[in-house]
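The values are calculated or read from the model by the stated rules, or taken from the named source; none is laboratory data. Worth saying up front: this structure is predicted, and the values here are computed from it rather than measured. Positions of Cβ are generated from backbone atoms using ideal geometry, with glycine treated the same way; all protein chains shown enter the neighbour counts. These area figures cover heavy atoms from the full protein model, side chains too; ligands, DNA and RNA do not enter into them. Shrake-Rupley method; radii C 1.70, N 1.55, O 1.52, S 1.80 Å.
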Amino acid sequence: MQNSTPRQAFIYLLGNTRPQAMAWVQGGEAAPELSGLVRFYETPYGGTLVEAEIFGLPNINLPNASNFYAMHIHSGSGCEDHFTKLGGHYNPTNRPHPEHAGDLIPLLGNQGYAWTAFYDKRVRIQDIIGNYVVIHAHPDDFTTQPSGNSGSMIACGEIRWE
């Protein structure tokens, strides 16, 4: 792709290649209808392209409802037992919030559906395998330590090689 911009490369990746890793996210007790897929693509720019498509977010039945939800990568050992086996944000460089490698951009849910794609140079796919994508009940305030006051965990999925 000679003389292409990053956007053109990202569009090509999303439309013509398979992700290197994925997390199938499923809602817990507070949001049992919630499910979706978060895909991770290597880029020619040294970072990771992240694409998320989520269904069944809260407020799905409220006409014209739009709500923000925090989305993070967490450490831990599983999504079972009401997410009690999850640890804090993935933070290999021990940075303050919101500079953790696990701090992702928020989801904007529109009547229960959200789609987003973004480029993140802080995340390397090989380093996040075995960690968990978590969706929270509220938006991240990007200030409160250590995790942004984003409310309870409502969905979780393990990041696995594709």
Worksheet item: Among the residues of region 73-80, is any touching a residue at least 24 places away in the same chain (Cβ under 8 Å), β-branched (Val, Ile, Thr) and farther than 25 Å from Thr144 by Cα?
Response: no
Item to complete: Looking only at region 92-117, count how many residues are part of a loop (DSSP other than H, G, I, E, B) and closer than 15 Å to Ser150 by Cβ.
Response: 7
Item to complete: Select from region 57-70 the residues that are farther than 24 Å from Ile129 by Cβ, surrounded by 18 or more Cβ atoms within 10 Å (Cβ to Cβ) and either modelled with pLDDT of 95 or more or in contact with a strand residue (DSSP E or B) (Cβ under 6 Å, 6 or more places away or on another chain) (or both) and list them in ascending order.
Response: Leu57, Asn67
Discussion item. If I ask for residues that are more than 15 Å from the chain's Cα centre (by Cα), open to solvent by less than 80 Å² (accessible area, probe 1.4 Å) and over 18 Å from Arg160 (Cα atoms), which ones from region 18-46 would you list?
Written reply: Gly28, Ala31, Tyr45, Gly46
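Tell me, which residue of region 105-144 that is aliphatic (A, V, I, L, M) and closer than 18 Å to Gln26 by Cα is most open to solvent (accessible area, probe 1.4 Å)?
Step one: filter region 105-144 for residues aliphatic (A, V, I, L, M), giving 105, 107-108, 114, 117, 123, 125, 128-129, 133-135, 137.
Subsequent filtering for residues that are closer than 18 Å to Gln26 by Cα retains 107-108, 114, 129, 133-135, 137.
On the way: Leu107: 1, Leu108: 74, Ala114: 2, Ile129: 50, Val133: 0, Val134: 0, Ile135: 0, Ala137: 30 Å².
Per the stated criteria, the residue is Leu108.
Which residues, taken from region 118-142, are in a loop (DSSP other than H, G, I, E, B) and either in contact with a Leu (Cβ under 6 Å, 6 or more places away or on another chain) or without any contact (Cβ under 8 Å) to a residue 24 or more places away in the chain (or both)?
Residues of region 118-142 that are in a loop (DSSP other than H, G, I, E, B), as a first pass: 121-124, 129-131, 137-142.
Across region 118-142, the qualifying residue is only Asp141.
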Worksheet item: Is region 77-86 home to any residue that is in a strand (DSSP E or B) and either touching a Pro at 6+ places or on another chain (Cβ under 6 Å) or surrounded by fewer than 19 Cβ atoms within 10 Å (Cβ to Cβ) (or both)?
Response: no
Practice prompt. Please work out if Leu49 is closer than 30 Å to Arg7 by Cα, surrounded by 14 or more Cβ atoms within 10 Å (Cβ to Cβ) and touching a helix residue (DSSP H, G or I) at 6+ places or on another chain (Cβ under 6 Å).
Written response: yes
